[in-house]
Amino acid sequence: MEPSASSASHAKAPDPVVRFETHPSRYKHWKLSFDGAVARLEMNVDTDAPLRPGYELKLNSYDLGVDIELADAVQRLRFEHPEVKVVVVTSGQPKIFCAGANIYMLGSSTHGFKVNFCKYTNETRLYLEAACSESGQHYVAALNGVASGGGYELALACEEILLCDDGSSAVSFPETPLLAVLPGTGGLTRLVDKRKVRRDLADVFSSLAEGVRGKRAQDWGLVDRSVPRSRFDQTVIDRARALAAATPDKQGAGVALPALEVARWEDAGKAGADYRYVSVKVDKATRVAELRMLAPDAAAPATAEALRTAGADAWALRAFRELDDALLDLRFNHPTVGLVRLLSRGDAARVIEADRALAAQAESDWFAREVLLHMKRVLKRLDLTAKSLFAIVEPGSCFVGSLFELTLAADRSYMLGEGDDEGTAAFVGFSPLNFGPLPMSNGLTRLASRFLAKPDRVAELAEQTELLSGPDALDAGLVTFAPDAIDWEDEVRLAVEERASLSPDALTGMEANLRFCGPETTETKIFARLSAWQNWIFQRPNAVGERGALTMYGRPERPEFDWRRT
Amino acid sequence: MSSVVNSDRIPNNVHLGDDKKLQRALEAWQPRYVEWWKQMGPEGFQEDDVYLRTAISVDHEGWAHFDYVKMPEYRWGIFLTDPVPDRKIGFGDFMGEPVWQTVPGEMRNMLRRLIVTQGDTEPASVEQQRLLGKTCPSLYDLRNLFQVNVEEGRHLWAMVYLLHSYFGRDGREEAEGLLERRSGNPDKPRILGAFNEPCTNWLSFFMFTYFTDRDGKYQLLALAESGFDPLARTTRFMLTEEAHHMFVGETGVLRVVKRTCELMKQNKREDARAEGGIDLATIQRYVNFWYSCSLDLFGGEISSNAASFFANSLKGRAKEDSYPDHKALDVGYAMQVPVIGEGGRPTFRGEEVPLRNAMNEVLRDEYVEDSQRGVDKWNKAIAEAGVSFQIKLPSRRFHRRTGIHAGMHFDVEGNPLTKDEWEARKHQWLPSEADEAYLQSLMSKPVYEANQMANWLQPPPHGIKGKPVEFEYVRRHP
Ligand SMILES: [Fe+2]
Ligand SMILES: [Fe+2]
C-alpha cells in the first residue's frame, strides 16, 4: 500500500454520480477470459482511470468503479456462462495481487460514500461466495503477488486460496497497524468464521503490517496452499481443472444480460427513473422517494424453455434487475433521501403465476434457479439499504408472492383497511416464494423473521391460498397499520412526514438492528458487527482526525492517538 | 563455550563470552552459515589458501590482520564501533532524545524489515559472484574477489547479530531466511531486484563493486544515523569494509579502461576488440546497466515507507549532520513526475513532494554525485591516453524498474520514448547477448599464475599490504 503521497488531501470530494451498468467489452480494470470450464478473471487496475479525479489506482488498488466491474463479471458468469465451473481470480501485475481499497480514495471521500462503498464491496464478495455455494462456479484465488487488506479480503471470499511462495508474496491485513481502521470488507469475520483461523493467530496476523508468507500462511490456515513460484501457474491450472472435473454440467446455453432500458428525468426539485417494471420518483425537498414495481404484463413462461427464450426479458429477471439498479441509484446518487415509499401496481394473479412457474422450473433448470437466486440477492440488497422503507398497500397494488417480500422487508407497512364490498380493497397474498427460496441474510425467510415469536404461524400461512384484504392482513400480523378510507391519506402522510424528520443516523442504526432479528450468520456479522465497528472507527479522530492514522497515511508525520479506550 | 561459538573463532567486541542468548542463537546458526558458504560461496576455491584480511578487533591494529586462510575457516567476526557517550538521536520525531539501546516495541517490525532488507543483500552478492573465480584475470584480482566475498559474509554476520540479539524468535527465523533465499532463484529470490541479476563476468564484477556496493555505502550511511544505537554502531564499522569494495570496483574499471586505450593505440583503426580488449562502447553499456540497477535499490522516489523510517528516527540521511534541519517537516522536494502521455510517451508533471516522503531520492542525489567522481577519473585516463571518448552516467530515468519511472521508457539522456522506440534502440545502451558472449570469450581462460595478467586489463600499480603485484595471493590446491 504505497500510492503517491502527494494526492492525499483533507478536502472531501463531492460524491460522483455513479452508474452501475457495464459490460466486459468496456472493462477498464479486469480481463475476463475463458478456457473451457475455467474462466480467468485478471485484475489489472488502470492507474489513471479512477471513478472520480483526485487519486491514482496504484498497485492494483480498487475503488467503486473497479468493484462495479467485478460485480458485473460475477453476475454475467452466472447467467451468460453456465459452462464455466471454476473462476481463477488473479492479477495481471507483477508482484502484486491487489493492495485493497485505495487509501487516498477513502481519505478524500465523504463518510456516507465510504460507508456505501464498503457495503457495495461487501455485497459483491458475498455474491462471489454465493456463486461458489449455489451455482457451482468455484472461485479460486491465485495470489501471484502481495494480497494486502482488501486484496486478501477478496481472496477470502473465494473458495480456495493459492499463494505463490517466492519470498515476497504475502497475505496481510495492514489496516489496524498502518491505518488505524479494520479490514472491513468481511476480512476479520471470514478469517475466524469461514477459514476458522485460530483467534490468537488471527490477532497476530491482523496486527502485522507486513503480513505472512509462504509455509506459515498455509500452516496458519490463511491460505490453502503455498506453492513455489516455478510451479505456481501449473498448480493453479491443475487445481482449477480438478475442481471443474468434479463439478456437474449445466444443460443449455447461457442467457445474455443486455443493458437495462431506463429513462432518467429531472424536473424542478424532482428526479426519477423509469424502467420497464420499476419506476423511481425522488422529491428532493421532502427527501422522500417513491419506488413502484409493476406486475408482469403477460402470462408467465410456462416451461423452462419458454423462460429461457424470454431470457433477460422475463419479468422475474428484468423487474428485479431494474429494482437492483434503482436501489443502488437511491443509495449512491440520492444520499439525502431518508424514506422510500414502496408501491406496486398490476395484476396480483400474474405475480403469483410467475412465482409458481419459477419455483417449479427452478427445481430442474439452472437458468430458472439463477433467476430465483438473483431475486434473493436483490431483496437482500433492499434489506441492507439504509433508508426507511414504508410499504404502501393500496387498491390496485400487487403485493403478493415475491412482491409481498417488499412489504415484509419494509420497516412498516400501511394497508388500506377496507373489505372488498365495493371492489376498492387492497390485497396481499402468498406464493411458494414466500416460504423458503428468498431468505434474508440471517438465513430465515422474511415471514419467519416476522413471526419469530410464533414459528408455527408461518406453516399456517402457507396453507392460506386466498388473498387477504386490509383488516384480515392486519389480523394475521402481516401489515403494521390498516387505516380505513377516511383516515388513510392523513395517516400515511403524517407517518411519512414524521419519519422523515428523525435523525438519519439514529434511524439507520435503529432499522439495521430491528430488521435482522434471529440468528447470526457470517453475512449478518459482516454487515452488523464488522461494518458497524468500521463505520464507527471511520468517524473517530484516531483514524480520520487531523492527526489520525488514515489522514496521516503517506504523509511525512506520524499519527497521534487519543489513548482512551472506548 | 562451544568449539565453534567462542571469541577465538568469532572475533568480536560484543562480549560474546558472557552472552548466553547470543551464543545459543549462533550455535544453531553458525553451522548453517558455513554450510551455506560451502554451497553458495566461491565455487572451486574452498580448499585454497587465500591471503585475506580479517578484522579481529575494532582498533587500528586489529581491523586489518593479513594472513593465508582457507575461506570456510575464515573468522567472521562481530564488530560495532565504540559507543559515542551520551549519543542523542539526530533526526526525525525523536530527535534530541537519548538513542535506544533496545528496540522500541512499536518500531520492531519496521526496524526488522530495514535490517533484513540490508542483510539480504550481503549473502546475495556472494551468490551472484560465486562463479567468477573460474574466469579471473589474475591472482591479485581473484584474491580481491574473495576478500569482498568474505566481507559480505561478515556483513551478513553483522545483521544477524542484530536479529539474534534484539528480535527474539522472529529474529532467529529471519536470520535463517537470510541463508535460505538464493539470488536469481524464482522460488526464493533475494529481496531486491539488482541482487538477482547474474554477475557473470569480471567487467560486471567491477561495475557491481563500483555501483552496487556504493548503494550499500549510502544505505549504511543512512542507517549509521539510526536512533537504534546497535544498528548505528554496526553499520559504521561495515562502512570501513565497504570502502575497500568500491576501491576494487573503481580501480578495476580504471585498469580496464587504461588497457583498452593502450590496445586502441596499438591498432590502426583504434579497434580495441581487434586487439583482444574491451571497447569503450561496451564499457559504457555495462555502466548503463549496473548504474541503473543500482539506482533502483534506493526505492521509490515518493515513498511513505521512507517517510516513516525518517519520522521514526530509524533511517536518516547520509551525514545527517551536514543538513541544516533534521526534522524535514514543512519542506518540499521538487520532482518531475512522469505520466504516460500521448502514444504511450511519458510527459512530466512538476510536483512538490513532502521532503520526508522524498528521502529515498535525497539519498539517491548523494549517490549520483558520488558515482560521478570515479567516472571522472576514468575519463581523465582516457583523455591522457589521447583517446576521444567520455564515459557518461545515464540519466536517472533510464532503465528503471522501481519508482515513478518504472514501466516507462527513456533514453540515456532522460528523453521520453515510446515502448516501440525503446525496443528498437535499447541495445545501443544496454549490454546485448553478443556483448556478453564477447566478454565470456575474452575471459574463458582464468589466469592462475602469480606473474601473469589477462590481456584485457592493466596490472595494478601496487600489490596488497606491501606485497608485490606478482605475489601468490591465492595458493591453489590441486
Ligand atoms: Fe556489504
Ligand atoms: Fe560491499
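The values are calculated or read from the model by the stated rules, or taken from the named source; none is laboratory data. Predicted model, so just to flag it, every value in this text is computed and none were measured. Here the Cβ is made from the backbone with ideal geometry for all residues, glycine too, and neighbour counts use every protein chain on show. For the accessible areas, the whole protein counts, side chains as well, though only heavy atoms, and no ligand, DNA or RNA atoms are used. Shrake-Rupley method; radii C 1.70, N 1.55, O 1.52, S 1.80 Å.
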- [ ] Go through B:Lys88/B:Lys327; A:Lys28/A:Lys119; A:Lys215/B:Lys188 and tell me which ones have a Cα-Cα distance over 18 Å in this structure.
- [x] A:Lys28/A:Lys119
Task: Shielded by partner chains, region A:133-167 residues - at least 20 Å² of accessible area, 1.4 Å probe, vs chain alone - done: A:Asp166, A:Gly167
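Other chains' Cβ within 10 Å of B:297-309 residues: what's the mean?
Mean inter-chain Cβ contacts per residue within 10 Å come to 4.
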Task: Length added when fully stretched, A:Lys194-A:Gln234, from 0.36 nm per residue minus Cα-Cα - done: 11.7 nm
Task: Residues in region B:102-117 that, when all protein chains are in place, have 20 Å² or more less accessible area than the chain alone would give (probe 1.4 Å) - done: B:Asn109, B:Arg112, B:Arg113
Task: Angle between chain A longest axis and helix A:366-383 axis [Cα atoms, degrees, rounded to 10] - done: 90 degrees
- [ ] Determine the equivalent ellipsoid of region B:30-90 by diagonalising the alpha-carbon gyration tensor, then write out the semi-axes as square roots of 5 times the eigenvalues, largest first, rounded to whole Å.
- [x] 30, 16, 8
- [ ] Using a 1.4 angstrom probe, figure out how much accessible area region A:165-267 has per residue, in square angstrom, rounded to the nearest whole.
- [x] 50 Å²
TODO: Between A:Thr110 and B:Arg476, with labels modelled 7 Å along Cα→Cβ, what's the label distance in nm to one decimal, could you check?
DONE: 7.9 nm
TODO: For region A:24-248, count all C-alpha to C-alpha pairs, find those more than 30 Å apart, and express that count as a whole percent of the total.
DONE: 17 percent
TODO: Might you report the magnitude of the Cβ-based charge dipole of the protein assembly as shown about its Cα centre, with Lys and Arg at +1 and Asp and Glu at -1, to the nearest 20 debye?
DONE: 2700 debye
TODO: Shielding by partners for A:552-561, please: the mean number of other protein chain Cβ atoms within 10 Å of each residue's Cβ.
DONE: 6
Task: Sites excluded, GluC sites (Glu not before Pro) in DSSP loops with at most 13 other C-beta within 10 Å, longest stretch of chain A - done: A:1-260
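Ignoring ligands, DNA and RNA, what percent of the accessible area of the protein assembly as shown is carbon or sulfur (1.4 Å)?
The C+S portion of the solvent-accessible surface of the protein assembly as shown is 51 percent.
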Open item on the list: I'd like the interface area for chains B and A: accessible area of each alone minus the complex, both sides summed, 1.4 Å probe, protein heavy atoms only. What is it in Å² to the nearest 100?
Closed with: 1900 Å²
- [ ] Could you tell me which trypsin sites (Lys or Arg not before Pro) in region B:277-352 are loop residues by DSSP with no more than 14 other beta carbons within 10 angstrom of their beta carbon?
- [x] B:Lys319
- [ ] Divide by every residue of chain A the summed helix terms, -39500 (n - 2.57) for each DSSP H run of at least 4, and state the resulting mean residue ellipticity at 222 nm, rounded to the nearest 500 deg cm²/dmol.
- [x] -11500 deg cm²/dmol
Task: More than 23 angstrom apart: percent of Cα pairs within region A:425-566 - done: 59 percent
Task: Size of electric dipole in region A:150-221: Cβ of Lys, Arg +1 and of Asp, Glu -1, about Cα centre, debye, nearest 20 - done: 200 debye
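Could you work out how much longer the chain between B:Glu27 and B:Tyr68 gets when fully extended? Use 0.36 nm per residue separation minus the Cα distance between them, nm to one decimal.
12.2 nm
Given a cut-off of 21 Å, name the pairs among A:Lys31/A:Lys95; A:Lys95/B:Lys315; A:Lys270/A:Lys387; B:Lys70/B:Lys217; B:Lys392/B:Lys445 whose C-alpha atoms lie farther apart than that in the structure shown.
A:Lys95/B:Lys315; B:Lys70/B:Lys217; B:Lys392/B:Lys445
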- [ ] Quick one: accessible surface of A:Cys158, probe radius 1.4 Å, all protein chains present, in square angstrom to the nearest 10.
- [x] 0 Å²
Open item on the list: Give the separation of the Cα centroids, region B:153-175 to region A:381-409, in Å.
Closed with: 64 Å
- [ ] Write down the percent of antiparallel bridges among all DSSP beta bridges whose residues are both part of chain A, to the nearest 5.
- [x] 40 percent
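Which of the trypsin sites (Lys or Arg not before Pro) found in region A:7-77 are loop residues per DSSP with 16 or fewer other Cβ atoms within 10 Å of their Cβ? If you can, show how the numbers build up before the last one.
Numbers: sites: A:Lys12, A:Arg19, A:Arg26, A:Lys28, A:Lys31, A:Arg40, A:Lys58, A:Arg76; in loops: A:Lys12, A:Arg19, A:Lys28.
Loop-located and lightly packed - A:Lys12, A:Arg19, A:Lys28.
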Open item on the list: Please compute, for the alpha-carbon atoms of chain B, the extent along each of the three principal axes and give them in descending order in Å.
Closed with: 68, 62, 41
Open item on the list: For the protein assembly as shown, what does the convex hull of the Cα positions come to per residue, in cubic angstrom?
Closed with: 193 Å³
Task: Accessible area of A:Thr480 in the full protein assembly, 1.4 Å probe (Å², nearest 10) - done: 50 Å²
Task: Charged-residue dipole, Cβ positions (Lys, Arg, Asp, Glu), region A:263-511 about Cα centre, Debye nearest 20 - done: 1160 debye
- [ ] With all protein chains present, calculate the accessible area of A:Phe117 using a 1.4 Å probe and round the result to the nearest 10 Å².
- [x] 0 Å²
Task: Whole-angstrom gap from region A:50-121 to region B:419-478, using each part's C-alpha centre - done: 52 Å
Task: In region B:11-44, the chymotrypsin sites (Phe, Trp or Tyr not before Pro) that fall in loop regions by DSSP, at most 13 other Cβ within 10 Å - done: none
Open item on the list: With a 1.4 Å probe and all protein chains left in place, how much accessible area per residue does chain B have, in Å²?
Closed with: 39 Å²
Open item on the list: Can you tell me the length gained on complete extension of the stretch B:Asn267 to B:Asp8, counting 0.36 nm per residue apart and subtracting the Cα distance?
Closed with: 87.6 nm
Task: Rg and Dmax of chain A, Cα atoms only, in Å - done: 24.1, 78
TODO: Whole Å is fine, so just give me how far the alpha carbon centre of region B:228-305 lies from that of region A:163-241.
DONE: 41 Å
- [ ] Using a Förster distance of 30 angstrom, determine the FRET efficiency expected from the C-beta separation of A:Asp35 and A:Thr303, and round it to 0.05.
- [x] 0.35
Task: Dipole of the protein assembly as shown, positive end: most advanced residue of B:Gln219, A:Pro258, A:Ala217 [Cβ charges, Cα centre] - done: B:Gln219
Task: Solvent-accessible ranking of B:Lys265, A:Lys95, largest area first, probe 1.4 Å - done: A:Lys95, B:Lys265
Task: Among B:Tyr323, A:Phe20, B:Cys199 - extreme Cα towards positive end, dipole of the protein assembly as shown, charges at beta-carbon - done: B:Cys199
Open item on the list: Suppose accessible area is computed on protein heavy atoms with a 1.4 Å probe; arrange A:Asp63, B:Asp18 from highest to lowest.
Closed with: B:Asp18, A:Asp63
Task: Ranked order, A:Trp563, A:Trp315 - accessible area, probe 1.4 Å, largest first - done: A:Trp563, A:Trp315
Open item on the list: How far apart, in nanometres, would the label points at B:Ala243 and B:Asp18 be if each is projected 7 angstrom from Cα along the Cα-to-Cβ direction?
Closed with: 3.1 nm
